[in-house]
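Please treat every number below as a calculation from the coordinates, not as lab data. Here the structure is a predicted model, which is why all the values come from computation and not from measurement. Every residue, glycine as well, gets a Cβ built from its backbone with ideal geometry; the counts of neighbours run over all protein chains shown.
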Number of protein chains: 2
Amino acid sequence: MGQSLTIRVDPKGDRPPSEQIAAQVRFAIAAGVIEPGARLPSVRQLAVEALVNPNTVGKVWRDLEREGVLESRPGDGVFVAVAAPELCKDARDRELTARLGAWVNDARSAGLEEGELRELFERALAPRRLRRVGERS
Amino acid sequence: MGQSLTIRVDPKGDRPPSEQIAAQVRFAIAAGVIEPGARLPSVRQLAVEALVNPNTVGKVWRDLEREGVLESRPGDGVFVAVAAPELCKDARDRELTARLGAWVNDARSAGLEEGELRELFERALAPRRLRRVGERS
DNA sequence: TGGGCCGTCCTATCGTCCTAGGACAGTGCG
DNA sequence: CGCACTGTCCTAGGACGATAGGACGGCCCA
């Protein structure tokens, strides 16, 4: 319980660091890893951990406050809002649905049939099983 | 048959226009919509259709030629290479697998169980059916 | 041969995002 | 009170991609 939250940022990912951080925070709240009233790492502290600029973290905190997910108390810290879980679950479902819809759309336009989509999905669900032939379970 | 290829670019999408065009071309080749030897739209022509800069299209043609997908004959046009379908199918499968893997990873970190993942997947496969609650199965 | 189309290349400019470093006011605690 | 910590704000700069406009040589066909 010491570390309630671990943020990982890939500086050369296809999505900017600020969005990566925001998405991870939203998902953590939706999953119940962080609960309303909980305090988040400070701008400078998380900046060191995630290897980003303090301004980048500050921007995320500000954006999430405008969404109603966080409550910022200058001089004290930022905290998870009461309505945050509901908001984040909605946002999570919307984002996951949109991404999966785009994936299905792209896969179909690339000539894959429904059976192949299902096969890829099953493989993605169980990446540990049926990896190679002779592998310890 | 008149229009062998229609490229759509969303200027404010999360991915840059050049990558959107390259992905659509690769997918079209993988799907068999365009076959080896076929001629692609000219840099200037596609630039007008897709509402992008000719330099952007030129960059895509050059990148895809370095991949071995296209063959550029200056003064004549760019054409689908013989080995392109194989290359594009591999690239397509790798990209779709990676994207779906990332999706499953994110969905799990957001607190969703395997059953919920399957439900979202079924819904994405059949967006027309089971829209609302009270519907015959 | 000449005109039109082709891909390529060049320089310059713009917008967006992250980085960098500093300054400020508010809060909590000893 | 005084100090450490908090979020916020400001200016400046760089990286990256797209845009803009032009110039070059190659290819096809009348």
Conditions (1) within 9 Å of chain B (Cβ to nearest Cβ); (2) touching a Phe, Trp or Tyr at 6+ places or on another chain (Cβ under 8 Å); (3) not in a loop (DSSP other than H, G, I, E, B): number failed by residue A:71: (1)
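Yes/no matrix, rows are residues, columns are (1) within 14 Å of chain B (Cβ to nearest Cβ); (2) near DNA strand D (Cβ under 8 Å from one of its atoms); (3) part of a helix (DSSP H, G or I):
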| position | (1), (2), (3) |
| --- | --- |
| A:6 | yes, no, no |
| A:13 | yes, no, no |
| A:22 | yes, no, yes |
| A:44 | no, yes, yes |
| A:48 | no, no, yes |
| A:55 | no, yes, yes |
If a residue must be aliphatic (A, V, I, L, M) and under 30 Å from residue B:68 (Cβ atoms), how many such residues does the range B:91-131 contain? 5
Answer yes if at least one residue in the range A:82-95 is under 30 Å from residue B:6 (Cβ atoms) and either more than 10 Å from chain B (Cβ to nearest Cβ) or outside any loop (DSSP other than H, G, I, E, B) (or both), and no otherwise. yes
Which numbered condition residue B:35 fails, given (1) more than 14 Å from chain A (Cβ to nearest Cβ); (2) touching a helix residue (DSSP H, G or I) at 6+ places or on another chain (Cβ under 9 Å): (1)
Filter pass, residue A:62 being within 14 Å of another protein chain (Cβ to nearest Cβ), of a type outside the set (S, T, N, Q) and in a helix (DSSP H, G or I): no
Could you list, in sequence order, all residues of the range A:11-34 that are away from DNA strand C (no atom under 11 Å from the Cβ) and either polar (S, T, N, Q) or over 11 Å from the mean Cα position of the chain (by Cα) (or both)? A:14, A:24, A:32, A:33, A:34
